[in-house]
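Quick notes on the structure that follows.
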Amino acid sequence: MLMKMENILSVAYAISNADYMIAVTGAGISKESNVPTFRGEDGLWRNYDAMDLATPDAFRRNPALVWEWYTWRQRLIAECEPNPAHFTLASWEKRGLLKALITQNVDGLHIRAGSTNVYEVHGDIWALKCTSCKYKGSLSSPAIGIPTCPLCSNNLRPDVVWFGESLDRAALSKVYNELEHADVCLVIGTSALVQPAATFPLIVKQRGGQLIEINVEPTPLSSIVDFHISGKAGKILPTLDSILDQQ
Ligand SMILES: NC(=O)c1ccc[n+]([C@@H]2O[C@H](COP(=O)([O-])OP(=O)(O)OC[C@H]3O[C@@H](n4cnc5c(N)ncnc54)[C@H](O)[C@@H]3O)[C@@H](O)[C@H]2O)c1
């Protein structure tokens, strides 16, 4: 774990002095729960690129293939548990240190860890919506085949935001409201490549807030953040928590 002690103490100081701290998380925070990220060595599924399967075109071309991939992911996520990074953020919310959590993840692990003010801006892997009518539903176990709509019998799809799709407007406006209140933003385990989520931390920065990035690698945000802590979220967040406890 590469952590400069002075850096980590300054970050703990910034956290404990924040008026309104929020967090923006990505697939990296769930990596230690064994949920694969899209990019990097675990990003492969059979011979397909995950990013070519998470699109409306892919679903139109081959809904059975996209559902096969989602069923594989649902089975995998059903076996995963939140890790110390998820639990630390949940405990910071309970203590009033963290006001909101904006996640690009669809795995539900923040909520399972006990976080409540969570904005799942890319949706939830267990949620369903009809490709034809307004029906919405949810699965309690991994899908079998292509689920069909109980109202109109057309194909149901996962109610997640795919590449090339817009985020829900009402949800987005609540997210922007959180970003405008924040004076400290933790940016954890995101490659900061997927829009518009990649710009969320920039909004906090433009308004004079501090950015604290926790990632195993540098990202396009690293050069503008106030602190970059290099390492695994599941190690860094509990370390910060123990420093906060000693203050
Ligand atoms: N868990 C999930 O729900 C999940 C998984 C894969 C992809 N996705 C979706 O794919 C898109 C991917 O974008 P993204 O930026 O979230 O992820 P990404 O896959 O593009 O990037 C993951 C980032 O996490 C970092 N990382 C890996 N392990 C880490 C660790 N232990 N601690 C800290 N950082 C770590 C990597 O260096 C990388 O920057 C999102 O839209 C997301 O919805 C979600």
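Counting only the backbone N, which residues of the range 149-193 are under 18 Å from the spot 7 Å out from the Cα of T55 toward its beta-carbon? Correct set: 158, 160-167, 193. Of all lysines in the structure, those lying under 30 Å Cα to Cα from K232, and not within fewer than 8 positions of it along the same chain, are K4, K31, K94, K99, K174, K205.
Across all C-alpha atoms in the range 11-109, the radius of gyration and Dmax reach 16.7, 52 Å.
Cα axis of helix 63-78 to longest principal axis of the chain: angle in degrees, 0 to 90, nearest 10? Approximately 40 degrees, to the nearest 10. Structural descriptor for the chain: relative contact order 26 percent, calculated from alpha carbon pairs under 8 angstrom and at least 6 residues apart. Taking other residues whose beta carbon is less than 12 angstrom from the beta carbon of G234, and scoring Lys, Arg as +1 and Asp, Glu as -1, yields 0. Within the straight-line cut-off of under 19 Å between alpha carbons, the aspartates and glutamates reachable from K129 are D57, E68, D107, E120, D159, E165, D168, sequence neighbours fewer than 8 places apart in one chain being disregarded. The length gained on full extension between C133 and S10, counted as 0.36 nm times the residue separation minus their Cα-Cα distance, comes to 39.1 nm. Quick check for you: which residues of the range 73-100 have the amide N under 16 Å from the point 7 Å beyond the Cα of W45 toward its beta carbon? Within reach of a label on W45, which here means backbone N under 16 Å from a point 7 Å along Cα→Cβ, the range 73-100 contributes 73-80.
Between I144, L98, V35, the Cα set farthest toward the positive side of the dipole of the range 29-188 (charges on each charged residue's Cβ, about the Cα centre) is that of I144.
Magnitude of the charge dipole for the chain, about its Cα centre and with charges confined to Cβ atoms of Lys, Arg (+1) and Asp, Glu (-1), is about 540 debye. Would you kindly calculate the translational diffusion coefficient of the range 155-241, applying Stokes-Einstein with the Kirkwood radius from alpha carbon pairs, for 20 °C and a viscosity of 1.002 mPa s, and quote it in µm² s⁻¹ without decimals? Estimated via Stokes-Einstein, D reaches 150 µm²/s.
Volume of the convex hull of the chain (Cα atoms only), normalised per residue: 122 Å³.
The calculated 222 nm mean residue ellipticity attributable to helices in the chain amounts to -10500 deg cm²/dmol, summing -39500 (n - 2.57) over DSSP H runs of n ≥ 4 and dividing by all residues. Comparing K232, K136, K99 in a Gaussian network model of the chain, where Cα atoms under 10 Å apart are tied by springs, the biggest mean-square fluctuation is seen for K136.
Counting charges near R46 (Lys, Arg +1; Asp, Glu -1) among other residues having Cβ under 12 Å from its Cβ returns a value of -3. For a Förster distance of 35 Å, can you work out the FRET efficiency between the beta-carbons of N117 and A64, rounded to the nearest 0.05? For N117 and A64, the calculated efficiency is 0.40. Among residues other than V106 with Cβ under 14 Å from its Cβ, the summed charge is -2 (Lys and Arg +1, Asp and Glu -1).
Coordinate-derived values only; no laboratory data. Just so we're clear, the structure is a prediction, and the values are computed from it rather than from any experiment. Don't worry about glycine lacking a Cβ; one is built from the backbone with ideal geometry, like all the others, and counts go over all protein chains shown.
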